[in-house]
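What follows is one structure encoded as structure tokens, with my remarks underneath.
The values are calculated or read from the model by the stated rules, or taken from the named source; none is laboratory data. In this text the structure is predicted, and so the values were computed from the model without any measurement. Glycine gets a Cβ as well: all are built from the backbone with ideal geometry, and neighbour counts include every protein chain shown. With ligands, DNA and RNA removed, areas are computed over all heavy atoms of the protein, side chains included. Shrake-Rupley method; radii C 1.70, N 1.55, O 1.52, S 1.80 Å.
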Amino acid sequence: MKISTRGRYALRFMIDLAQHDNGSYVALKDVSARQNISIKYLEQITSLLSKFGLLLSVRGPQGGYKLAKQAREYSIAEILRITEGSLAPVSCLETPVNTCPRKETCQTIRLWEGLDKAINDYLSSVTLQDLTDDNTDVECFNYII
């Protein structure tokens, strides 16, 4: 699994909104300047995140974006699933039911299922607030596989 630029930029965008949350909307041009991400790219990301209810937006001169809920209520898994789709390490685990014709005889399926669980458990345990706080000694970053 490799997180795309869209996924990485979405996290940077959401962290920026959380760090600059003072109750008002944050202009896309301000995030663009701070994060060095083009406005066009941010527009694509905000469209996707808004569609899934992660952002609130207002048009106009005082418009912009803000988080739809508190930073502690967003898991990193939630944000990445929206921007990346599946986080599964192999294609046969991308859907709730594994339809691979070899699943009964696959000697590696338990390995991939374990890796999938570790990825999902870890990313679900880290919140946007954890990343916003930038606290490197936070317990959630001590994950052992």
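Conditions tested, residue by residue: (1) assigned to a loop (DSSP other than H, G, I, E, B); (2) touching a residue at least 40 places away in the same chain (Cβ under 8 Å).
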{"position": "Ile3", "(1), (2)": "yes, yes"}
{"position": "Asp16", "(1), (2)": "no, no"}
{"position": "Ser24", "(1), (2)": "yes, yes"}
{"position": "Val31", "(1), (2)": "no, no"}
{"position": "Leu49", "(1), (2)": "no, no"}
{"position": "Leu56", "(1), (2)": "no, no"}
{"position": "Ile79", "(1), (2)": "no, yes"}
{"position": "Pro96", "(1), (2)": "yes, no"}
{"position": "Arg102", "(1), (2)": "yes, no"}
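So which residues in region 66-77 are in contact (Cβ under 8 Å) with a residue 60 or more places away in the chain and among the basic types (Lys, Arg)? Residues satisfying the conditions do not exist here.
The one condition from (1) surrounded by fewer than 18 Cβ atoms within 10 Å (Cβ to Cβ); (2) touching a Leu at 6+ places or on another chain (Cβ under 9 Å); (3) under 23 Å from Asp133 (Cβ atoms) that Ser50 does not meet is (3). Given the conditions (1) surrounded by fewer than 19 Cβ atoms within 10 Å (Cβ to Cβ); (2) under 23 Å from Ser124 (Cβ atoms); (3) of a type in the set (A, V, I, L, M, F, W, C), which single one is not true for Leu56? Result: Leu56 fails condition (2) only.
Against the criterion of being modelled with pLDDT of 95 or more and of a type in the set (A, V, I, L, M), Leu56 does not qualify. Does region 59-72 contain any residue that is in a helix (DSSP H, G or I) and either open to solvent by less than 50 Å² (accessible area, probe 1.4 Å) or not small (Gly, Ala, Ser) (or both)? So far as region 59-72 goes, yes, one or more of its residues are in a helix (DSSP H, G or I) and either open to solvent by less than 50 Å² (accessible area, probe 1.4 Å) or not small (Gly, Ala, Ser) (or both). Going by the structure shown, is Leu42 surrounded by 12 or more Cβ atoms within 10 Å (Cβ to Cβ), among the aliphatic types (A, V, I, L, M) and part of a helix (DSSP H, G or I)? So Leu42 passes the test.
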